[in-house]
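K.L.:
Dropping the structure in here first, questions after.
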Amino acid sequence: DCVEELVRRHPNETICIATHATPIRVMECIWTDTPLSMMHTIPWVSNASVTVAQYDGGGNGALICRDLHEHLGVLHTVLAKNV
């Protein structure tokens, strides 16, 4: 609800939201029409990575790219395979 409210309050603007991996995965479910019960199938994003979504005029979001971490160089976090 918070993301949707920000989108409504800032039409045609760029918004930056800093958060943790779980809310990103929740939003990815919404952007890709994946049921929340299947969230466990969505891979974790790296620490300090960038995920981008774009919203249309009707408030519908679409995932543009996820887990961009090239800017981190050697600081990129490699998560354990069991995460």
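The values are calculated or read from the model by the stated rules, or taken from the named source; none is laboratory data. None of these values were measured; they are calculated from a predicted model. Neighbour counts are summed over all protein chains in view; Cβ atoms, including those assigned to glycine, are modelled from backbone coordinates with ideal geometry. The protein model used for the area step is the full one, side chains on, heavy atoms only, and it has no ligands, DNA or RNA in it. Shrake-Rupley method; radii C 1.70, N 1.55, O 1.52, S 1.80 Å.
K.L.:
To the nearest 0.05, how large is the calculated FRET efficiency for Glu70 and Met39 if R₀ is 22 Å and r is the Cβ-Cβ distance?
P.N.:
Working: r = 26 Å, r/R0 = 1.16.
Between Glu70 and Met39 the formula returns 0.30.
K.L.:
Per residue, how large is the accessible surface of the chain? Use a 1.4 angstrom probe and give square angstrom.
P.N.:
Details: 6190 Å² over 83 residues.
Heavy-atom accessible area per residue stands at 75 Å².
K.L.:
Give me the percent of accessible area attributable to carbon and sulfur for region 10-83, probe 1.4 angstrom.
P.N.:
On the way: 3160 of 5380 Å².
Exposed carbon and sulfur together represent 59 percent of the surface.
K.L.:
At q = 0.20 Å⁻¹, what log₁₀ I(q)/I(0) does a Debye calculation on the Cα points of the chain give, no solvent, two decimals?
P.N.:
-0.98
K.L.:
Not counting ligands, DNA or RNA, and with a 1.4 Å probe, what is Thr14's accessible surface area in Å² rounded to the nearest 10?
P.N.:
140
K.L.:
Sticking with the crude label model, points 7 Å out along Cα→Cβ, report the distance from Cys2 to Gln54 in nm, one decimal please.
P.N.:
2.6
K.L.:
Another question, if that's okay. Could you please put Leu72, Leu36, Leu79 in sequence from largest to smallest accessible area, using a 1.4 Å probe? The partial results should precede the final answer.
P.N.:
On the way: Leu72 30, Leu36 110, Leu79 65 Å².
Largest accessible area first, the list is Leu36, Leu79, Leu72.
K.L.:
Further, regarding this structure: Give me the net charge of Trp44's neighbourhood, meaning all other residues with Cβ under 15 Å from the Cβ of Trp44; Lys, Arg count +1, Asp, Glu -1. List each step's numbers first, then the result.
P.N.:
Values: positive: Arg25, Arg66, Lys81; negative: Glu28, Asp67.
Summing Lys/Arg as +1 and Asp/Glu as -1 gives +1.
K.L.:
Let me ask something else about it. Quote the accessible area belonging to Cys16 in square angstrom, nearest 10, computed with a 1.4 Å probe and with ligands, DNA and RNA left uncounted.
P.N.:
Accessible area, nearest 10 Å²: 120 Å².
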